[in-house]
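See below for the structure under consideration.
Coordinate-derived values only; no laboratory data. As the structure is a prediction and not an experimental result, all values here were calculated from the model. Cβ coordinates were reconstructed from backbone atoms using ideal geometry, including for glycine residues, and neighbour counts include every protein chain displayed.
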Amino acid sequence: MKKFVAIVAATAILGGSSAIAQEYKNQIKARQGVMWTISLNLGTLGAMAKGEMEYDADKAAAAGRSIHGVSMVHLATLFPEGSDGGMNDGTTAKDTIFSDRAGFDEKWAALGTAAEKAAAEAGTGKEALGPVMGALGGTCKACHETYRIPQ
């Protein structure tokens, strides 16, 4: 009987964890989508800056605006309280996002500032891309050093 109770208790605990992870599945997918959107648009700007892609003011401006747009997503929507721990297995999110929320919020705000500049300047000429990429890359690096599991 004790063995049966232990099995039932373990199943309830594990099943409960699975249910919690399932509860945040959409938020985890959404935040991964936000990061991929930033990455895709940084790739466009970086390729133009390095001359791997011909500079196109409209595409550069659109990439800057896209990064700026996703930088305005409300973090609590993407990283709600309770979506830490085992919910992030298989992702690159460190639990320090949740244990140092103020620091993470500060890094996200810095991205927003750099992204606002990117939105305003990326389409003004190829020469603007170096400073734009430097600012964006610096904010990404600063955040990833603390809050992202290395790949």
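Step through the table entries LYS59/LYS107; LYS29/LYS59; LYS59/LYS141; LYS50/LYS126; LYS59/LYS117, compare each Cα-Cα distance with 19 Å, and write down the pairs that go over it.
Over 19 Å apart, Cα to Cα: LYS59/LYS107; LYS29/LYS59; LYS59/LYS141.
Order of SER66, SER99 from fewest to most other C-beta atoms within 10 Å?
Starting with the residue having the fewest Cβ neighbours, the order is SER99, SER66.
Give the relative contact order (percent, whole number) for segment 38-151; include only Cα pairs under 8 Å separated by 6+ residues.
Contact order relative to length: 38 percent.
Sorted from fewest to most neighbouring beta carbons within 10 Å, what does the list LEU40, LEU75 look like?
LEU40, LEU75
Amide H to amide H under 5 Å from ARG148: which residues, 5+ apart in sequence or cross-chain, H placed 1.01 Å off N in plane?
Hits under the 5 Å cutoff: LYS94.
Binned at 10 Å from 0, what are the whole-percent values of the Cα-Cα distance distribution for segment 25-147, short to long?
Going out from 0 Å in 10 Å bins, segment 25-147 shows 14, 44, 28, 13, 1 percent.
Applying the Karplus parametrisation 6.51 cos²θ - 1.76 cosθ + 1.60 with θ = phi - 60° to the phi angles of segment 55-62, what ³J(HN,Hα) value in whole Hz is obtained for each residue in order, glycine and proline being reported as x?
Along segment 55-62, the couplings run 5, 9, 4, 5, 5, 5, 4, 5 Hz.
Can you sort ILE38, ILE67, ILE149 so the residue with the fewest Cβ neighbours within 10 Å comes first?
By the 10 Å Cβ count, ascending: ILE149, ILE38, ILE67.
So what J values fall out for segment 28-40 if you push phi through Karplus, 6.51 cos²θ - 1.76 cosθ + 1.60 with θ = phi - 60°, rounded to Hz, Gly and Pro as x?
5, 4, 5, 5, 5, x, 4, 5, 5, 5, 4, 4, 4
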